[in-house]
1. Looking at HIS406, HIS450, which one is surrounded by 16 or more Cβ atoms within 10 Å (Cβ to Cβ) and in contact with a strand residue (DSSP E or B) (Cβ under 8 Å, 6 or more places away or on another chain)?
2. Can you tell which of HIS300, HIS328, HIS307 is open to solvent by 60 Å² or more (accessible area, probe 1.4 Å), modelled with pLDDT of 95 or more and not small (Gly, Ala, Ser)?
3. Being among the basic types (Lys, Arg) and in contact with a Ser or Thr (Cβ under 6 Å, 6 or more places away or on another chain) is the requirement here; does ARG462 meet it?
4. Only one of (1) open to solvent by 80 Å² or more (accessible area, probe 1.4 Å); (2) free of Cβ contacts under 8 Å to residues at least 40 places away in the same chain fails for LYS274. Which number is that?
5. So for the range 369-379 (the condition being among the hydroxyl-bearing types (Ser, Thr, Tyr) and either under 30 Å from LEU292 (Cβ atoms) or at pLDDT below 95 (or both)), does at least one residue qualify?
6. Scan the range 382-403 residue by residue and report those that are open to solvent by 10 Å² or more (accessible area, probe 1.4 Å), touching a residue at least 60 places away in the same chain (Cβ under 8 Å) and part of a loop (DSSP other than H, G, I, E, B).
7. Among the residues of the range 475-489, is any out of contact with any strand residue (DSSP E or B) (no Cβ under 7 Å at 6 or more places or on another chain), closer than 16 Å to ALA315 by Cβ and not in a helix (DSSP H, G or I)?
8. May I ask you to list the residues in the range 150-185 that are surrounded by 19 or more Cβ atoms within 10 Å (Cβ to Cβ), touching a residue at least 60 places away in the same chain (Cβ under 8 Å), of a type outside the set (D, E, K, R) and in a loop (DSSP other than H, G, I, E, B)?
Amino acid sequence: MAAQKNPDMGPDFAIGVPIAAFDGKGLLQGHVGGEAVLLARVGDDVLAVGGLCTHYGAPLGHGIVVGDTVRCPWHHACFDLRTGEALGAPAFDPLQRWRVERRDDRVFVTGKLPTEEHDAPLSQSDAACQQGRFVIVGGGAAGFAAAEMLRRRQFAGEITMLSSDQDGPYDRPNLSKDYLAGTAPEAWVPLRTLEFYAENKIDLQLRTTVERIDVMSRAVIAADGRVFPFDRLLLATGAEPVRLPIAGADRDHVFTLRSLADSRAIIERARHAKTAVILGAGFIGLEVAAALRRRGISVHVVAPEGHPLGAILGAELGAFIRSLHEEHGVVFHMGATVKGITGQAVTLNDGRMLDADLVVMGVGVTPRISLAVDAGIAVDRGVLVNEFLETNVAGVFAAGDVAQWHDVHTAETRRVEHWVVAQRQGQVAAENMLGARQPFLSVPFFWSQHYNVSIRYVGYARTWDDIEIDGSIANRDCLVGYKKDGTIVAIAAIGRDARALECEASMASRARKGS
């Protein structure tokens, strides 16, 4: 009998595979009737779930098993192999579960299993929260993740999400990547349709600016005078892009990139642009550079530092990223600043002029903390929260780019501007708004795409003592480790997705032991 129906999809599990096919590995990618299925060994059990990540469709067979979970190789989503639940963002939809039968030394997948409800058990005190009024200020990664988790955990009370954006929650990383490059349709960008919020009784209030928070009366007051009382409040206000205080920064061909509206505006300008100047050589600036090159626009990058991303990734990896962009025609002006912007040019500090009918500022963001400051909520570089993401005001939580949380492993506070971190904080904050008292222990992770090269970054290294490189950066096959006091505290990986997942699991294990 043939062992597989389609070689590209792996073996056909409906006709069975020998246990030996695992060959010492925990995962086996295959299919049933042309539908991708993943077999996983967990102890003596063999479990079957959908074979593609519900986030971006990565083949989960290239991931790793950690306990009863499988981790996605691309963007590090986490799924429960026994229930299918998406335990960790950026995936939210569960995996389909499949029935497994073992006959002698072979394993067969015989059909789909029904979807399970994933409501966590609640204590009597937690149950009192179930009819409360929860308000979320912010419609980004953390806000959406919190609202989705509250309903997933069967919270029956009111959920109001107040967003100043004109669009519902969307996939922000795509705004500087495929969507901006013109290789992904706008239909891919929303995290959910607007019908999702109506069906789940999430009151999504778009174009709503919050004027102030009255913590004494437990109410959020909008700029138009509407009042939203709350029993629990989540501040997920995010951050706003920095605009350099230079002459011409307010011209109509000068953009920042934070919102879907921003990306749309850049795309519209790019339709007729010939030359773009990107101010800033960080991740957003370089991703924009790559996207605009895909559109055939000449691109110049201006930044004051010596290497692109040198402060985050180190000089050697930064130099590689520069060379990668240069191979695609990007011109760098490192060690330079901008003196002013005119209608068709950018003037550098040394007097050079660069033609520019499109300018994008990608020079960082600042957390939106003014609401918290005015309300008397403690702040530092962000809104200060404990390990449970709760502020100094009981019942008021913060998550995402605005949150500066207490890391129980290092005993430091940190604020990280990563999409996946924001989503996972939103999920943990939701659990704790329901009384779970679950510390935030997730290891920071982000990914960045530069043409056909993806970088996975795991951990957190504001500074480091040494850098170890395993493999070859030039050959696009490497694991770069950032060491502090003899310990690797962060890694950057190219072409080593499974190793990046293993590093994340190891760091998470250390964090749990230290909690």
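1. HIS406
2. That would be HIS328, the only listed residue that is open to solvent by 60 Å² or more (accessible area, probe 1.4 Å), modelled with pLDDT of 95 or more and not small (Gly, Ala, Ser).
3. No: the conditions fail for ARG462.
4. Exception for LYS274: condition (2).
5. no
6. Matches in the range 382-403: GLU387, THR391, VAL393.
7. Within the range 475-489, not a single residue is out of contact with any strand residue (DSSP E or B) (no Cβ under 7 Å at 6 or more places or on another chain), closer than 16 Å to ALA315 by Cβ and not in a helix (DSSP H, G or I).
8. PHE155
The values are calculated or read from the model by the stated rules, or taken from the named source; none is laboratory data. Given the structure is predicted, the values throughout are model-derived calculations rather than measurements. Neighbour counts run over all protein chains shown; Cβ positions are idealised from the backbone, glycine included. Each accessible area value is taken on the protein alone, full model and side chains, heavy atoms only, with ligands, DNA and RNA left out. Shrake-Rupley method; radii C 1.70, N 1.55, O 1.52, S 1.80 Å.
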